[in-house]
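Undergrad: Before we start, here is the structure in question, set down as structure tokens.
The values are calculated or read from the model by the stated rules, or taken from the named source; none is laboratory data. Since this is a predicted model, take the numbers as computed values, not measurements. Backbone-built Cβ (ideal geometry, glycine too); neighbour counts: all protein chains shown. In case anyone asks, the SASA skips ligands and DNA or RNA and just uses the protein heavy atoms, side chains included. Shrake-Rupley method; radii C 1.70, N 1.55, O 1.52, S 1.80 Å.
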Amino acid sequence: MTGMKTGLTLLAAAVVLMLPASDQEANKLLAQGRTKEKDGSYRSAASRYMDAHFMAESSVLRGNLLIAAARAKRKAKLYGEEFDCLERLIKEHLSEINFTQIVDREYAIGDLFFAGHRDVVVSWLPFIKEKDRTIEIYEAALKNAPCHSRAGETRLRLSRIYIDDQNTKDAVRHLREIPKLHPNSESAKYAMLQLCSLLYQMAERGDGDGSYSRQTIEACDNYLNAFPKTPEVPWVHKTRQKALNGIAARKHAVGTYYYRQGKPELAEKYLADVVKNYPNTESAAASETLLAQIDDEFEALPGRQRLYRPYKEEIIKLSIPSEDEPIMVTPEFSDNRWLLPVRNLKKSPSVNARTVTPEEFKVFTAESDRLKAEEKLKQKKMSEIRMQIEAEKKSARRFPGDDGDEKP
């Protein structure tokens with residue numbers, strides 16, 4: 001009997017859990033949350049409101065509970081969690097809310113995070129805080145209302161954050177959007193100036209195809225057309241000229257490279273482009289000088305307008321020179337005193353094989369041959385003398401003198 005009662009109790013509990021959530025239970029939690037909010041327990045109140053939102057079925061009640069939770073979290077200075085509630089209101093209850101007020105509050109929350117606010121994880125440990133959500137909140141606010149009155153300033157702040165994080169792609173994207181959505185405004189003015197500076201810095205870091213330099217020139221032209229009488233105009237002109245100098249210098253370097261590689265047609269293409277399209281740059285004079293030099297290296301022939309005369313380098317072919325130091329004694333004629341040939345360093349001709357001329361090489365060869373011939377003749381005489389001495393010694397041993405000594 002007891003087992004049956006226990007089984008019925010578990011079954012009843014399972015049935016209760018399987019029942020759908022009711023607005024009545026949500027209203028009870030809502031009342032508890034209001035009580036907590038009146039007592040100043042804003043975190044607990046927000047928790048009750050979110051529990052009630054989970055239990056509620058009615059769309060209107062769920063929306064009101066999200067609004068109440070956002071209000072409580074705002075009072076608890078949990079602005080990041082308040083932003084999450086506002087985003088849910090926009091996505092789930094767009095037709096039931098005041099969209100303008102919600103968006104204004106999102107921009108305000110973004111400004112708070114930009115100023116340095118961070119949500120506290122737990123109230124009794126105020127030094128442990130959540131991560132920075134400035135970019136996330138600003139991006140969401142701009143997505144919801146891209147033409148908001150504060151959108152220009154917000155995009156400027158976002159671009160500054162992206163530049164500091166080395167994310168130039170998103171920074172350029174926001175800086176380009178400001179003049180389009182907020183023309184002739186202060187935000188547009190500073191965005192165009194920042195865009196000129198950023199693109200020029202990117203071109204200085206590395207601009208293989210010159211795209212950043214061209215974008216810099218375009219950004220400077222746009223600023224000069226939009227704000228021709230501002231104090232920043234001289235700086236814009238200077239930046240534009242620097243970008244032109246960079247393009248001209250790169251094209252001049254390419255033309256010089258092709259010229260050195262023996263391809264004057266390609267070299268003329270790049271050098272002429274510098275002279276024609278970038279006449280006021282630092283590389284224009286150098287390109288014009290190199291073009292004149294290329295023209296001087298061509299000869300006009302019948303049937304052909306130009307003929308390139310490549311640079312010819314005369315190469316002197318020399319055989320392997322003889323040994324510098326003449327040999328004085330070889331091992332076989334040193335009475336087993338030396339294992340290597342002994343060379344005469346004093347009689348070695350001082351000739352550098354890398355810079356030797358044909359005349360010097362002839363003199364060097366003749367001197368080496370003469371020294372070698374003299375050395376061979378000397379060694380031959382010494383060999384003959386040794387053989388003669390050995391023969392005399394042998395004959396002296398065969399015919400000793402009267403006193404028993406050998407004949408000299």
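Undergrad: Among all residue pairs at least 6 apart or on different chains, which show Cβ distances below 7 Å where the first residue, located in the stretch 151-174, is on the phi < 0 side of the Ramachandran plot and the second is part of a helix (DSSP H, G or I) and open to solvent by 30 Å² or more (accessible area, probe 1.4 Å)?
TA: Ala151/Leu181; Arg155/Glu177; Leu156/Tyr190; Arg157/Phe114; Leu158/Ile135; Ser159/Gln194; Ile161/Ile135; Tyr162/Asp170
Undergrad: Looking only at the stretch 198-227, filter to residues that are under 23 Å from Ser185 (Cβ atoms) and open to solvent by 80 Å² or more (accessible area, probe 1.4 Å); which one of those is farthest from the chain's Cα centre (by Cα)?
TA: Out of the qualifying residues, it is Asn225.
Undergrad: Looking at Lys180, Lys169, Lys189, which one is crowded, with 16+ Cβ neighbours inside 10 Å and at pLDDT 90 or above?
TA: Working: Lys180 fails: crowded, with 16+ Cβ neighbours inside 10 Å; Lys169 fails: crowded, with 16+ Cβ neighbours inside 10 Å.
So the residue among Lys180, Lys169, Lys189 that is crowded, with 16+ Cβ neighbours inside 10 Å and at pLDDT 90 or above is Lys189.
Undergrad: A further question on this structure: Would you check if Leu198 is within 16 Å of Glu139 (Cα to Cα) and part of a helix (DSSP H, G or I)? Before the answer, list the steps.
TA: Working: within 16 Å of Glu139 (Cα to Cα): no; part of a helix (DSSP H, G or I): yes.
So Leu198 does not fit the description; no.
Undergrad: Can you name the residue in the stretch 349-394 that is within 29 Å of Thr330 (Cβ to Cβ) and not in a helix (DSSP H, G or I) and, of all such residues, is modelled with the highest pLDDT? Let's see the steps before the verdict.
TA: Looking only at the stretch 349-394, we keep the residues that are within 29 Å of Thr330 (Cβ to Cβ), and these are 349-353, 356, 360-394.
Filter again for not in a helix (DSSP H, G or I), leaving 349-353, 356.
On the way: Pro349: 50, Ser350: 49, Val351: 48, Asn352: 50, Ala353: 50, Val356: 56.
This residue is Val356.
Undergrad: Can you find a residue in the stretch 258-269 that is open to solvent by 30 Å² or more (accessible area, probe 1.4 Å) and on the phi > 0 side of the Ramachandran plot?
TA: yes
Undergrad: Moving on. Restricting the first residue to the stretch 327-339 and requiring it to be of a type in the set (Ser, Thr, Tyr), which pairs with a second residue that is in a loop (DSSP other than H, G, I, E, B) and open to solvent by less than 100 Å² (accessible area, probe 1.4 Å) meet a Cβ separation below 8 Å and a spacing of at least six or different chains?
TA: Note: pairs meeting the criteria are Thr330/Pro341.
Undergrad: Can you find a residue that is touching a Lys or Arg at 6+ places or on another chain (Cβ under 8 Å), at pLDDT 90 or above and of a type in the set (Gly, Ala, Ser) anywhere in the stretch 104-112?
TA: Scanning the stretch 104-112, I find no residue that is touching a Lys or Arg at 6+ places or on another chain (Cβ under 8 Å), at pLDDT 90 or above and of a type in the set (Gly, Ala, Ser), so the answer is no.
Undergrad: Quick one: in the stretch 47-73, which of the residues that are among the hydroxyl-bearing types (Ser, Thr, Tyr) and surrounded by fewer than 21 Cβ atoms within 10 Å (Cβ to Cβ) is nearest to Leu89 (Cα to Cα)?
TA: My answer is Ser59.
Undergrad: Just to check your reading of the model, which residue among Ile247, Ile161 is part of a helix (DSSP H, G or I) and over 30 Å from Leu291 (Cβ atoms)?
TA: Ile161
Undergrad: If we keep just the residues of the stretch 17-46 that are open to solvent by less than 50 Å² (accessible area, probe 1.4 Å) and outside any helix (DSSP H, G or I), which is modelled with the lowest pLDDT?
TA: Top of the filtered list is Ala21.
Undergrad: Can you say whether Arg397 is open to solvent by 60 Å² or more (accessible area, probe 1.4 Å), modelled with pLDDT of 65 or more, basic (Lys, Arg) and under 18 Å from Met328 (Cα atoms), as far as the supplied structure shows?
TA: no
Undergrad: Still on this structure, I have one more. Would you be able to say whether some residue in the stretch 162-177 is more than 30 Å from Leu61 (Cβ to Cβ) and of a type in the set (Gly, Ala, Ser)?
TA: So far as the stretch 162-177 goes, yes, one or more of its residues are more than 30 Å from Leu61 (Cβ to Cβ) and of a type in the set (Gly, Ala, Ser).
Undergrad: Can you find, within the stretch 126-140, the residue that is most open to solvent (accessible area, probe 1.4 Å) among those that are in contact with a strand residue (DSSP E or B) (Cβ under 9 Å, 6 or more places away or on another chain) and not hydrophobic (A, V, I, L, M, F, W, C)?
TA: At the first step, the residues of the stretch 126-140 found to be in contact with a strand residue (DSSP E or B) (Cβ under 9 Å, 6 or more places away or on another chain) are 126-130.
Now narrow it down to the ones that are not hydrophobic (A, V, I, L, M, F, W, C): 126, 129-130.
Working: Pro126: 76, Lys129: 113, Glu130: 93 Å².
Only one residue fits best here, namely Lys129.
Undergrad: Still on this structure, please answer the following. If I ask for residues that are in contact (Cβ under 8 Å) with a residue 24 or more places away in the chain and touching an Asp or Glu at 6+ places or on another chain (Cβ under 7 Å), which ones from the stretch 71-97 would you list?
TA: Result: Ala72, Lys73, Leu78, Tyr79, Gly80, Glu81, Phe83.
Undergrad: So which residues in the stretch 79-103 are of a type in the set (A, V, I, L, M) and modelled with pLDDT of 90 or more, if there are any at all?
TA: Going through the stretch 79-103, the residues of a type in the set (A, V, I, L, M) turn out to be 86, 89-90, 94, 97, 102-103.
Within the stretch 79-103, Leu86, Leu89, Ile90, Ile102, Val103 meet the criteria.
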